[in-house]
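Inspection log for the structure reproduced underneath, given as structure tokens.
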Amino acid sequence: MPLAKPHHSEFDLIHRYFSRPVPANVLGGGDDCALLPIAAGQQLAISTDTLIEGRHFLPESNPLHLGHKALAVNLSDLAAMGAQPVGCLLALSVPNIDPAWLEGFSQGFYALAEQAQCPLVGGDTTRNPKQIAITVTVCGQLVAKQALRRDAAQIGDDIWLTGQLGAAYIALQLLNKVLPADAQMLAATRGALERPEPPLLFARQLPGLAHAAIDVSDGLVQDLKHVLAASNCGASLYYERLPLHPALVSLAKNWQQKALLSGGDVYQLCFTAAPKQRERLQQIAKQHNISLSRIGQIDSGSQLRIILPDGTQLHKHEAGFDHFDE
């Protein structure tokens, strides 16, 4: 980033890049708090995530795509609860004021905010001499007592997954030069890493149909285990049913396995529902042009079993992403 110009202030930055109009029934930036309307009989859902340069995104990341992703990863959390967005807050720390970077970031952020009907209603900006840090807090609403909680999986439930697995993970391995350079594969997978598209509209129709849900951010196995632990149950996951991204079919089998089971940055939904809901869920997925795969079943055990095509069980696989790993 270039050196900051002395006449730029925090208020200049906010006014120029982050002060678009909000809906008439919302009080946005400029006061001590934002005010959001919540409909009668609804619950408030809140989630927050932080992205740090060098940890969660590469320094050379396109700011337009980064603005999109910063909001998308939070909207994915609302989707996992079946909530409808009502507004968001942005806390942005940057080493210096770079107008081109801020313009791109704000455009990417606002484009998704408008698409998701999640207005930016406030936040904070500050200088961080070391690196960029982005914290987004999202607020949503849903009918009281209908949230898709992690502790609500039931024995006999099907396990479903939206979207496809592995592309974002492989793109990151290519960018970090862990895998040999492959321009064609990077071009086919990079969008999944930098511009995730959580199934927001599909997710809003799940309350009342699904039981438990989680967004896949740190790897399918790791995130599904959170549901099993909260719900005090086990599951069988069928490896051949896992939806591998088409660009990865030429990869070695060991890399495919890593991408499917432990690859993060997916931001799709893994959820459980009774078998009687299969037809309805598939209808809704088709309505929203969502890929939907039935990948396993909840049972009365206490472990997650990964069943291979030959009927044997996979015992060794990598863990998912850990935010405190070195």
**Report entry** Cut-off 11 Å between beta-carbons: net charge of the residues surrounding LEU112, Lys and Arg +1, Asp and Glu -1
**Finding:** 0
Requested in this report: Please report, to one decimal in angstroms, the Kirkwood hydrodynamic radius of segment 51-144 built from all distinct Cα-Cα pairs.
Outcome: 13.5 Å
Report summary line: Scoring segment 152-300 by relative contact order with C-alpha pairs under 8 Å, at least six apart, yields a percentage of 49 percent
Query raised in the report: With a sphere of radius 11 Å drawn around the Cβ of ALA210, what net charge do the other residues whose Cβ falls strictly inside it have (Lys, Arg +1; Asp, Glu -1)?
Result: 0
Report summary line: Phi angles of segment 102-108, converted by Karplus (6.51 cos²θ - 1.76 cosθ + 1.60, θ = phi - 60°) into ³J(HN,Hα) in whole Hz with x for Gly and Pro, give 5, 5, x, 4, 5, 5, x
Requested in this report: Show the residues, 5+ positions off or on another chain, whose built amide H is closer than 5 Å to the amide H of ASP265.
Outcome: ASP218, GLY219
Query raised in the report: Among (i) 65, 40, 40; (ii) 59, 56, 49; (iii) 67, 54, 33, which is the computed Cα extents along the principal axes in Å?
Result: (iii)
**Report entry** Modelled label reach - GLU103, point 7 Å along Cα→Cβ, segment 35-70 residues with backbone N closer than 17 Å
**Finding:** 62-67
Query raised in the report: How many angstrom separate the Cα center of segment 284-311 from the Cα center of segment 109-144?
Result: 32 Å
Query raised in the report: Non-local amide H neighbours of ALA235 (under 5 Å, H modeled in plane, Pro and chain starts lacking H): which ones?
Result: ASP299, GLN303, LEU304, ARG305
Query raised in the report: Structure shown: which of LYS253/LYS286; LYS177/LYS225; LYS177/LYS258; LYS130/LYS225; LYS276/LYS316 lie over 28 Å apart, alpha-carbon to alpha-carbon?
Result: LYS253/LYS286; LYS177/LYS225; LYS130/LYS225; LYS276/LYS316
Report summary line: Spelling it out for LEU244: with amide H atoms placed in the peptide plane at 1.01 Å from N, the residues 5 or more places away or on another chain with amide H under 5 Å from its amide H are LEU165
**Report entry** As computed over segment 160-300, the Cα convex hull volume per residue (Å³)
**Finding:** 108 Å³
Report summary line: With x for Gly and Pro, the residue-by-residue ³J(HN,Hα) of segment 61-73, computed from phi through the Karplus equation 6.51 cos²θ - 1.76 cosθ + 1.60 at θ = phi - 60° and given in whole Hz, is 4, 4, x, 4, 5, 5, x, 4, 5, 4, 7, 4, 5
**Report entry** Karplus-derived 3J(HN,Hα), 6.51/-1.76/1.60, for each residue of segment 86-93, Hz, glycine and proline x
**Finding:** 10, x, 8, 10, 10, 10, 10, 10
**Report entry** Probe 1.4 Å, accessible area per residue of the chain, Å²
**Finding:** 49 Å²
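The values are calculated or read from the model by the stated rules, or taken from the named source; none is laboratory data. Since the structure is predicted, the reported quantities are computational estimates derived from the model, not experimental observations. All Cβ positions, even for glycine, are placed from backbone atoms using ideal geometry, and neighbour counts span all protein chains on display. With ligands, DNA and RNA removed, areas are computed over all heavy atoms of the protein, side chains included. Shrake-Rupley method; radii C 1.70, N 1.55, O 1.52, S 1.80 Å.
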